[in-house]
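Enquirer: Got a structure for you, questions after.
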Amino acid sequence: MAEDEKVYNVPLREAYKKARLKRAPYAAREVKKFIKTHTKAKEVKLGKHLNEAIWSRGIKKPPHKIRVKAVLDGDVAKAELMGFEYEDFKAQPKKEKKGLQEKLLARMGQKALQKEAEEKIIEGKSEPTPETSKFIANS
C-alpha cells in the first residue's frame, strides 16, 4: 500500500440513535466526518460502492460498521468500500411521473385512442382529424 492510502473501520452505531428515516444519510455524513478527521483532508468524496453499501438495507438500517479505504489526493480524500477502486458517485436524475390518463393510455394502448375518436365523432363535437380517421378506417 502507498503512504497516502489507509484502511479504516468506521463505526456507524451512532446512526441508530437517530430517527429511523434519517439513519442512512446520517451514516454517510459520519463516514465523511471520520475520514476528514483521520486524514486531515479538507474535502471527502464517497465512492459509488461505499454509498451503495451504506444504503444497501434501506434508509432505516445502515450497517453498524464499515471498512473503508481512503486515498489522499492533495486536499481531497477519496473514500471507497474496501476491495473496490474509487468510482465517482453521481445521483441519478429524477424520472418524471406519468399522470393517470397517460398510465391508462399506456395500458390500454391503441384501442383506447380508437374508442375515444369514435365517441367524439358520434357526439358530433368535432370533425374527424387525420389522426382519428386512421383509427376509424382500420376498424
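Enquirer: So for the stretch 1-20 (the condition being in a helix (DSSP H, G or I), farther than 18 Å from Glu87 by Cα and among the small types (Gly, Ala, Ser)), does at least one residue qualify? Before the answer, list the steps.
Expert: Applying the first criterion (in a helix (DSSP H, G or I)) to the stretch 1-20 yields 13-17, 20.
Retained after the next criterion (residues that are farther than 18 Å from Glu87 by Cα): 13-17, 20.
So of that shortlist, the ones also among the small types (Gly, Ala, Ser) come out as 15.
There is at least one residue in the stretch 1-20 that is in a helix (DSSP H, G or I), farther than 18 Å from Glu87 by Cα and among the small types (Gly, Ala, Ser).
Enquirer: Can you name the residue in the stretch 29-44 that is in contact with a Phe, Trp or Tyr (Cβ under 8 Å, 6 or more places away or on another chain) and within 16 Å of Met82 (Cα to Cα) and, of all such residues, is surrounded by the fewest Cβ atoms within 10 Å (Cβ to Cβ)? Spell out how you get there, then give the answer.
Expert: Going residue by residue through the stretch 29-44, those that are in contact with a Phe, Trp or Tyr (Cβ under 8 Å, 6 or more places away or on another chain) are 34-35, 38.
Then drop every residue that is not within 16 Å of Met82 (Cα to Cα), which leaves 34-35.
Working: Phe34: 20, Ile35: 23.
So the residue we want is Phe34.
Enquirer: Taking the stretch 67-110 on its own, how many of its residues are within 19 Å of Asn9 (Cβ to Cβ) and in contact with a helix residue (DSSP H, G or I) (Cβ under 6 Å, 6 or more places away or on another chain)? First the steps, then the outcome.
Expert: As a first pass, look at the stretch 67-110 and keep what is within 19 Å of Asn9 (Cβ to Cβ): 67-72, 77-84, 86.
Now restrict to residues that are in contact with a helix residue (DSSP H, G or I) (Cβ under 6 Å, 6 or more places away or on another chain): 70, 72, 77, 79-81, 84.
Of the residues in that region, 7 qualify.
Enquirer: Determine whether Lys97 is free of Cβ contacts under 8 Å to residues at least 40 places away in the same chain, assigned to a loop (DSSP other than H, G, I, E, B) and over 29 Å from Tyr16 (Cα atoms). Don't jump to the end; show me each part of the working.
Expert: Values: free of Cβ contacts under 8 Å to residues at least 40 places away in the same chain: yes; assigned to a loop (DSSP other than H, G, I, E, B): yes; over 29 Å from Tyr16 (Cα atoms): yes.
Taking the combined requirement at face value, the residue satisfies it.
Enquirer: Are any residues in the stretch 30-58 within 17 Å of the chain's Cα centre (by Cα) and either part of a helix (DSSP H, G or I) or over 16 Å from Val71 (Cα atoms) (or both), and if so, which ones?
Expert: Lys48, His49, Leu50, Asn51, Glu52, Ala53, Ile54, Trp55, Ser56, Arg57, Gly58 - these are the residues of the stretch 30-58 that are within 17 Å of the chain's Cα centre (by Cα) and either part of a helix (DSSP H, G or I) or over 16 Å from Val71 (Cα atoms) (or both).
Enquirer: Among the residues of the stretch 1-26 satisfying the criterion of being surrounded by 12 or more Cβ atoms within 10 Å (Cβ to Cβ) and touching a strand residue (DSSP E or B) at 6+ places or on another chain (Cβ under 8 Å), which is farthest from Val71 (Cα to Cα)?
Expert: By that ranking, first place goes to Arg13.
Enquirer: Only one of these is of a type outside the set (A, V, I, L, M) and at positive phi: Gly58, Gly99, Gly47. Name it. Working first, answer last.
Expert: Details: Gly99 fails: at positive phi; Gly47 fails: at positive phi.
Going through Gly58, Gly99, Gly47 in turn, the sole match is Gly58.
Only the coordinates and a few stated rules stand behind these numbers; no lab work does. Quick caveat, the model's predicted, so the values are computed rather than measured. Reconstructed Cβ throughout: ideal geometry from the backbone, glycine too, with neighbour counts over all protein chains shown.
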